[in-house]
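Working notes, beginning with the structure itself.
The values are calculated or read from the model by the stated rules, or taken from the named source; none is laboratory data. Everything numeric here is computed off the predicted structure, so don't read it as measured data. No Cβ is skipped: glycine too gets one built from the backbone with ideal geometry, and neighbour counts run over all protein chains shown. Side chains are part of the model used for accessible areas, which takes the heavy atoms of the whole protein and leaves out ligands, DNA and RNA. Shrake-Rupley method; radii C 1.70, N 1.55, O 1.52, S 1.80 Å.
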Amino acid sequence: MGTLSGKTAVITGASSGIGEATARRLAGAGARVMLVARRAERLEALANELGNGACFVSLDLAHPNAAQALLDTAEAQLGAIDILVNNAGILRTSPVDTFDLEELEPMIAINYSAVVRSSILFGRHMKANGSGQIINLSSIGASISAAGTGVYGGLKRALDAFTEVLRIELAGSGVRVGLVAPGTTTTEIFEDMKAHGQAGWDEYIPPMVGDDIARAILFMCEQTGNANAARLHIYATSEGF
């Protein structure tokens, strides 16, 4: 039996990168997973590969009603939800002179609003059940002030503050709350940046891979007793900031 046998887990941004790697790790530890993203064909293929009752839902998390729809679907298919991993995100970096303001609202919607809504709604569900785990994906960019990163880093910093307060508010309820802040990690986010004419950060230093972060998420999910690994920062070995 795996360390997460009998557990259920909902993972957003699960069609690639860190989300896909996390789904593989949690499923490998015995959890029954629900995969969440927009690309249904990828989710279906991954769910079929993982087995163990893995399921998926194709959903645009930017929609204000998406978090409630996700909770309703998860409860209908999985019953009680033990783990929520809020991984979906958008990365755009640019100095103020060239920042495309059309990118602002989508970043706020996915990187902050969707995570807050899901955390609150799933947090209530877990509190009512007396147990659960919420893990929000932040970034080391939340603690770095560098030209071009103001919007992305600012949203991640706001998410850090929200997540810490959520942990405090749910303390003693049986619900663990924490965040994982990855450094430079090769994912499709960087390919998307390059497609938008921006340099991917993985061009500058040897990056981590999605499974490096997924193993940290699994570690958080495996905490027992009164332990809550509430904050993990994971740097690539060549990162010097």
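Before moving on, here are some points about what is shown:
- Failed criterion for Ser173 (all others in (1) among the hydroxyl-bearing types (Ser, Thr, Tyr); (2) open to solvent by 20 Å² or more (accessible area, probe 1.4 Å); (3) within 22 Å of Met208 (Cα to Cα) hold): (3)
- Index of the failed condition, Ile81 passing every other in (1) in a helix (DSSP H, G or I); (2) open to solvent by less than 10 Å² (accessible area, probe 1.4 Å): (1)
- Of all residues in region 27-73, those satisfying the criterion of being out of contact with any helix residue (DSSP H, G or I) (no Cβ under 7 Å at 6 or more places or on another chain), among the small types (Gly, Ala, Ser) and more than 19 Å from Ile110 (Cα to Cα) are Gly28, Gly30, Ala31, Ala45, Ala47, Gly51, Gly53.
- So Asn65, is it free of Cβ contacts under 8 Å to residues at least 60 places away in the same chain, over 30 Å from Ala29 (Cα atoms) and of a type in the set (S, T, N, Q): yes
- Enumerated helices (runs of 4 or more DSSP H) restricted to region 1-78, each holding at least 2 residues that are under 22 Å from Ala181 (Cα atoms) and open to solvent by 30 Å² or more (accessible area, probe 1.4 Å): 17-28
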